[in-house]
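Working notes, beginning with the structure itself.
Computed from the coordinates by the stated procedures, all read-outs in this text should not be read as laboratory data. All of these numbers come straight from a predicted model, not from anything done at the bench. Glycine also receives a Cβ, built like all others from the backbone with ideal geometry; neighbour counts cover every protein chain displayed.
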Amino acid sequence: MAFSSERLCAKRKTSLLVCILQVVTVTVCLVPSGTALTSEGLALLDFKKQVNDRVGILRSWNISDISPCNWRGIVCNNFTNRVVTVNLPRSSFNGTISPQLGTLSELRRLGLHFNKLTGVIPASLGNLTYLRELYLHNNSLTGALPDSLGLLPKLRVLDVSFNNLEGAVPESYINLTSRKFLWTGNHLLCGNSLLGLPACPSENLESNPVGHVPRNPWSVWKILLVSVGAFLFVKLIIGLLLLRRWLRDDKKREIDLGKGGKLVMFKGGSTVPTSREMLRVIRRITKKDVIGEGGFGKVYKITLKDNTSFAVKKLKHCLEAARGFENELETLGEIKHCNLVKLRGYCVAPLMKLLIYDFVPNGTLDELLHPHTEIEKLYPVDWPTRVRIALGVARALAYIHHSCEPRIVHRDISANNVLLDENFEPRLSDFGLAKLLNSNDTHATVTVAGTFGYVSPEYAKTGQATEKSDVYSYGVLLLEILSGRRPTDSSISEEHVNLAGWVRNLQENCQEFEMVEKRWRDTVPHRELALFMEIACRCVSLEPSKRPRMDKVAHHLERLMDCDSTSSVFTLSNNTSTRTGHGRRSHDFLDISDLPGFRHDGHRYIIDMDRSP
């Protein structure tokens with residue numbers, strides 16, 4: 001009997017084990033294969049959905065990926081594969097900040113500065129208990145600061161300066177007094193004096209009783225008469241001040257068109273202002289409207305009633321126009337290219353000649369490469385943006401050299417003549433002006449029109465400018481982007497004269513990488529730097545015949561951009577590979593030297609510029 005009880009118990013245990021195994025098998029079959037994107041990846045995709053990525057910074061963010069760790073701007077922990085950094089500054093984003101970012105539980109650094117983000121700062125960011133640095137400055141964020149941010153225990157830097165935030169800063173932010181809390185530029189913020197904020201207006205101010213009527217009716221008339229008299233007196237004073245200002249500004253006016261002449265506006269732009277309105281605004285230009293001055297004259301900014309802005313260039317030494325002056329302008333007005341500043345019209349008057357261009361808002365490449373303010377130096381433009389700017393200038397030169405009829409030689413390529421639009425796309429200015437202002441109709445010029453440091457040796461010696469002269473100037477521009485030095489940097493020894501001579505000396509001593517700005521040596525793959533350097537050095541060759549055509553240069557820079565867009569961002573030292581991101585190494589980069597047109601001679605990467613695109 002005992003024996004059969006034991007057999008029955010064993011049989012039941014066996015049946016139970018079989019059932020458990022069947023349940024486990026079914027469960028494994030029903031569980032997905034693990035290829036779905038993580039919850040953190042989905043949160044980041046929600047951020048992508050909320051913003052307008054006009055430049056394509058987030059094109060590598062795909063839902064088909066398993067992990068977001070290889071996405072641009074994302075850094076993960078090597079062991080947990082959790083997102084620890086989201087860094088996307090200067091990306092031209094429009095839109096709002098997704099509250100889903102508050103689910104990135106191990107996030108330590110969030111950088112969305114220098115964009116065009118709007119809306120409020122999500123209170124969910126207060127869930128990021130590991131957050132140490134939060135950079136949201138130079139956007140258009142509105143509303144109040146959420147109380148939850150002040151309670152973050154590890155927050156060391158909070159920069160919300162230059163937004164449109166308003167209201168009282170919560171008392172919880174007093175915990176940040178010993179840390180870095182930057183709020184400059186938000187004029188409607190108020191709060192505790194310990195934070196350096198202005199005091200908030202009291203909500204419980206006692207007001208005077210309302211509805212009290214003076215017993216004597218003459219008191220009412222006295223108050224009314226005094227008020228009207230004071231109002232008229234103030235209006236009189238304001239009128240006199242405006243008249244005085246108008247008379248003073250009239251003396252300061254920079255534009256005197258005199259009598260006669262004509263204004264011509266080309267068709268084809270998004271806005272074609274009336275001649276009367278344009279002349280009215282031009283006649284009121286004063287010294288305060290000056291935004292720059294180059295070799296061809298001063299440049300002024302004007303704004304019409306509909307807030308459309310234009311740049312007006314007053315030409316030097318052009319009181320008597322050369323033969324065919326207006327015909328040349330008509331030809332320049334027909335030139336359209338996304339990397340050239342569009343000529344919108346011109347004004348020919350007895351006393352001066354004016355050219356009217358589209359206004360390009362983000363300043364010059366010179367201001368970008370050599371910033372003056374501390375905040376600009378703190379957040380330099382990244383390497384891919386610089387390569388994109390170099391490519392845009394190359395495309396512009398290739399167009400005027402090889403696609404225009406007749407072909408145009410620029411003669412004055414420099415960082416000051418490369419303007420940047422709202423998306424940091426380059427626009428080359430002043431093309432065609434050197435020939436326009438010269439009575440001779442050939443390429444030769446008596447006076448060299450270029451900027452010192454950019455001018456090719458043969459142009460400086462003979463005064464004859466060719467496409468090869470432009471290529472040399474463009475090469476100097478590439479060296480300036482790569483080194484961070486001006487063409488006539490004072491730190492360069494006198495024996496090397498200029499930037500190009502200094503680089504040639506480094507090449508002779510096998511020290512090319514010494515010219516690369518340190519931040520790029522530490523962050524950009526050396527293959528990319530070597531190829532960019534090789535293109536620049538070929539362009540500044542002392543023999544014009546050895547300089548490449550600009551369409552070839554543009555072709556190779558396009559391939560360099562394609563290679564950069566397929567690579568993640570890694571940190572490289574001079575001789576070692578540093579692991580970052582998702583545990584990948586530096587040799588995971590696309591080997592650019594294997595592409596057609598590139599070769600390696602054992603010492604450096606060489607580009608075959610003579611091969612067809």
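One table, with the values for the structure above:
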item	result
Zone of VAL157's modelled label, taken as backbone nitrogen in the stretch 507-551 under 20 Å from a point 7 Å along Cα→Cβ	518-524
Approximate shape of the stretch 468-519 as ellipsoid semi-axes (Cα gyration tensor, √5λ), whole Å, largest first	16, 13, 12
Fewest-first ranking of SER148, SER91, using other Cβ atoms within 10 Å as the exposure measure	SER148, SER91
From phi via Karplus (6.51, -1.76, 1.60), per-residue ³J(HN,Hα) for the stretch 336-345 in Hz, x at Gly/Pro	10, 7, 5, 10, 10, 6, 6, 7, 9, x
When each of LYS262/LYS313; LYS116/LYS313; LYS314/LYS342 is checked by Cα-Cα distance, pairs over 19 Å	LYS116/LYS313
Residues whose placed amide H lies under 5 Å from that of ARG344, excluding near-sequence neighbours	ILE356, TYR357, ASP358
Residues of type lysines that LYS235 reaches as a straight line, Cα spacing below 24 Å, ignoring anything fewer than 8 places off in the same chain	LYS222
Per-residue Cβ neighbour rank within 10 angstrom, fewest leading, HIS555, HIS410	HIS555, HIS410
Debye log10 I(q)/I(0) at q = 0.11, 0.12, 0.13 Å⁻¹ for the stretch 365-567, Cα point scatterers	-0.49, -0.59, -0.69
Cα radius of gyration and Dmax for the stretch 262-358 (Å)	12.9, 36
Per-residue Cβ neighbour rank within 10 angstrom, fewest leading, SER67, SER309, SER429	SER309, SER67, SER429
Stokes-Einstein D for the stretch 49-117, Kirkwood Rh over Cα pairs, 25 °C, 0.890 mPa s (µm²/s)	193 µm²/s
In the stretch 509-540, chymotrypsin sites (Phe, Trp or Tyr not before Pro) in a DSSP loop with at most 12 other beta-carbon atoms within 10 Å	none
Percent breakdown of C-alpha pair distances by 10 Å bin, ordered from the shortest bin, for the stretch 39-195	11, 42, 34, 11, 1, 0
20 Å cut-off, amide nitrogen to a point 7 angstrom out along CYS338 Cα→Cβ, residues in the stretch 402-424	402-404, 418-424
Virtual spin-label span in nm between HIS370 and ASN164, 7 Å along Cα→Cβ	3.6 nm
Members of LYS259/LYS287; LYS298/LYS546; LYS49/LYS267; LYS154/LYS518 lying beyond 29 Å, as alpha-carbon distances in this model show	LYS298/LYS546; LYS49/LYS267; LYS154/LYS518
